[in-house]
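Heads up, the thing below is written out as structure tokens.
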Amino acid sequence: MARVVALWAGPRNGSTATMYSFAQRSDTRVMDEPLFGHFLAHTGVERPSREDVLNTMPKSRDDVLQSIEPKEEDDVLFLKHMANHIEGLAWHDVDGPKHKHVILTRHPDGVLHSYRQHIAEPTMLDLSYAHQRRIAQLGGDDVIVVTAESLFQEPESTLRALCLSLELPWEPVMMTWRSGGRKEDGVWAKHWYSSLHASTGWQPRTLTNADVPSGLKKLRETCLEHYIALKAKSLNH
């Protein structure tokens, strides 16, 4: 039976770069946000790629769950999810006996600054912190928390620690990839992936934060509470 690694990220956390890393592995197949169609149909939220997603991806619960079933030839299946895509689904829908869950989270001062360039008035639903904390509680010992700060500042050591926790052998090819897109990229790539497509791998850097507008202070404080609780359980806290 294939092992499944489910990454539950928030926006602007480095989740697509992480998917690119795992796509380099000799034992892993990756999928890019396979629950997105169901999430949009279920919540009705707007996204720049909404119509493209709804026209090309499964939308019903049964169809979307069937789409994330490992194939017979899979050894490791890596599912890159946004944590809020669990909306409308039960935990048993996205968990299984061979599943490991990874939460990738980032300080809200960095997320809000970056995300507002695409979505001007983000909500708790958009930012996924509450969903990440709920997943951490539901998944228990099968959940590994990684901070984006650690991943970007020390990519190799963080990815090595993650592979160790997942009981996967380290493969140095995870550190680099070819520039440009991948066949697994979602139809939303043109809206979000331009910087990643210009890159060729991990380059250690410190993520920057920025002041949050006064109108988002309450949202920021709620997100920060969840982030701090998650960070306390992270691999490199």
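Please treat every number below as a calculation from the coordinates, not as lab data. Remember, it's a predicted structure, so these values are computed and weren't measured experimentally. Because the Cβ atoms are built from the backbone with ideal geometry, glycine has one as well, and the counts that use them run over all protein chains shown.
Test of understanding: in a Gaussian network model of the chain with alpha carbons linked when under 10 Å, which of P97, P155, P70 would top the mean-square fluctuation ranking?
The residue with the greatest mean-square fluctuation here is P97.
How do the peptides 208-218, 57-67, 141-151, 71-81 rank, highest first, by the average count of neighbouring beta carbon atoms within 10 Å per residue?
141-151, 71-81, 57-67, 208-218
List, in order, the whole-Hz ³J(HN,Hα) value for each residue of the stretch 67-76 obtained from phi through the Karplus relation with A = 6.51, B = -1.76, C = 1.60 and θ = phi - 60°; use x for Gly and Pro.
Calculated HN-Hα couplings, in order: 5, 9, 6, x, 7, 4, 7, 6, 9, 10 Hz.
So, R0 is 22 Å and r is the distance between the beta-carbons of K98 and S26; what FRET efficiency does that work out to, to 0.05?
Approximately 0.75, to the nearest 0.05.
Using Cα extents along the principal axes in Å as the read-out, say which of [x] 67, 44, 26; [y] 51, 39, 37; [z] 45, 44, 38 was calculated from these coordinates.
Read-out from the structure maps to [y].
Which FRET efficiency value, to the nearest 0.05, do you get for E46 and A229 by plugging their Cβ-Cβ distance into 1/(1 + (r/R0)^6) with R0 = 25 Å?
0.30
If you take the beta carbon distance between E72 and E154 as r and set R0 to 30 Å, what does 1/(1 + (r/R0)^6) give as a FRET efficiency, to the nearest 0.05?
Calculated transfer efficiency: 0.25.
Could you check the spin-label model distance between H118 and T176? Points 7 Å from the Cα along Cα→Cβ, value in nm.
With each label placed 7 Å out from Cα toward Cβ, I get 2.8 nm.
Over 21 Å between C-alpha atoms is what I'm after, so list which of K190/K218; K71/K100; K59/K98; K80/K100; K71/K98; K59/K80 land there.
Listed pairs above 21 Å: K190/K218; K59/K98.
Scale the Cα Rg of the stretch 167-207 by the rule-of-thumb value 2.2 N^0.38 Å and send over the ratio, two decimals.
Taking N as the residue count of the stretch 167-207, the ratio is 1.37.
Work from the charge dipole of the chain (Cβ charges, +1 for Lys and Arg, -1 for Asp and Glu, about the Cα centre) and give the residue of H81, A189, A41 farthest towards its positive end.
The residue sitting farthest along the positive end of the dipole is A189.
Quick check: residue separation of L216 and S60 times 0.36 nm, minus the Cα distance between them. What number comes out in nm?
52.8 nm
What net charge do the residues around H113 carry, taking every other residue with its C-beta under 15 Å from that of H113, with Lys and Arg at +1 and Asp and Glu at -1?
Net local charge, H113 excluded: 0.
Could you point to the residue in W177, A198, V146 farthest towards the positive end of the stretch 144-209's charge dipole, with +1 and -1 charges on the Cβ of Lys/Arg and Asp/Glu respectively?
The residue sitting farthest along the positive end of the dipole is A198.
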